[in-house]
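To start, the structure itself, in structure tokens.
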């Protein structure tokens, strides 16, 4: 018991203003948050009231864009999608379309950052970076979206 109290005192005296400690604590909190979020998404396995949207790759693509714009995190969107696929609530073609949408939605972050840096519409290098990021992601999505079903069939061979 003496060892535990000594350890507790050492932990209590740790310098949490240290940037390394802040990064480590932040990573641990982020990891547990994602694990909890994914577990909650798996528990949502029965989404019959949304089946019209869930089985449509186009609606899932748009949903991926909207949710990523709202959450400002394509990692969170992708984690949610993976959790829903693992629970069987979302078919793989629709999930691939949603991930493509999440890649488009993540471009909203650079536009938002550019707007704050430029006091309005992004200008100069910020505008060029935002346009390049958006253009590449749009090109990828437009190129791959028509092929989500064959991509899903190819991916399912590995599971």
Taking the stretch 95-117, which residues are in contact with a helix residue (DSSP H, G or I) (Cβ under 9 Å, 6 or more places away or on another chain) and loosely packed, with under 14 Cβ neighbours inside 10 Å? 117
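Got at least one residue in the stretch 73-84 being under 24 Å from residue 33 (Cα atoms), under 14 Å from the mean Cα position of the chain (by Cα) and not in a helix (DSSP H, G or I)? Write out each step before concluding.
Initially, the stretch 73-84 is screened for residues under 24 Å from residue 33 (Cα atoms), giving 73-84.
Filter once more, keeping what is under 14 Å from the mean Cα position of the chain (by Cα): 73-84.
Still in the list and also not in a helix (DSSP H, G or I): 73.
Yes, because at least one residue in the stretch 73-84 is under 24 Å from residue 33 (Cα atoms), under 14 Å from the mean Cα position of the chain (by Cα) and not in a helix (DSSP H, G or I).
Filter the stretch 59-72 down to the residues that are under 17 Å from residue 137 (Cβ atoms) and either surrounded by fewer than 18 Cβ atoms within 10 Å (Cβ to Cβ) or touching a residue at least 60 places away in the same chain (Cβ under 8 Å) (or both) and list them by number.
Kept after step one, since they are under 17 Å from residue 137 (Cβ atoms), are these residues of the stretch 59-72: 60-69, 71-72.
If the condition is that a residue be under 17 Å from residue 137 (Cβ atoms) and either surrounded by fewer than 18 Cβ atoms within 10 Å (Cβ to Cβ) or touching a residue at least 60 places away in the same chain (Cβ under 8 Å) (or both), then 61, 62, 66, 71, 72 are the ones that fit.
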Residue match in the stretch 36-45 (condition: modelled with pLDDT of 85 or more, out of contact with any strand residue (DSSP E or B) (no Cβ under 8 Å at 6 or more places or on another chain) and assigned to a helix (DSSP H, G or I)): no
Does residue 91 satisfy being touching a residue at least 60 places away in the same chain (Cβ under 8 Å) and surrounded by fewer than 21 Cβ atoms within 10 Å (Cβ to Cβ)? yes
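Residues checked against (1) farther than 30 Å from residue 156 by Cβ; (2) modelled with pLDDT under 85:
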{"residue": "53", "(1), (2)": "no, yes"}
{"residue": "63", "(1), (2)": "no, no"}
{"residue": "72", "(1), (2)": "yes, yes"}
{"residue": "77", "(1), (2)": "no, no"}
{"residue": "83", "(1), (2)": "no, yes"}
{"residue": "87", "(1), (2)": "no, yes"}
{"residue": "132", "(1), (2)": "yes, no"}
{"residue": "137", "(1), (2)": "no, no"}
{"residue": "142", "(1), (2)": "no, no"}
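The values are calculated or read from the model by the stated rules, or taken from the named source; none is laboratory data. No experiment lies behind these values; they were computed from the predicted model shown. Cβ atoms come from the backbone with ideal geometry, glycine included; neighbour counts cover every protein chain shown.
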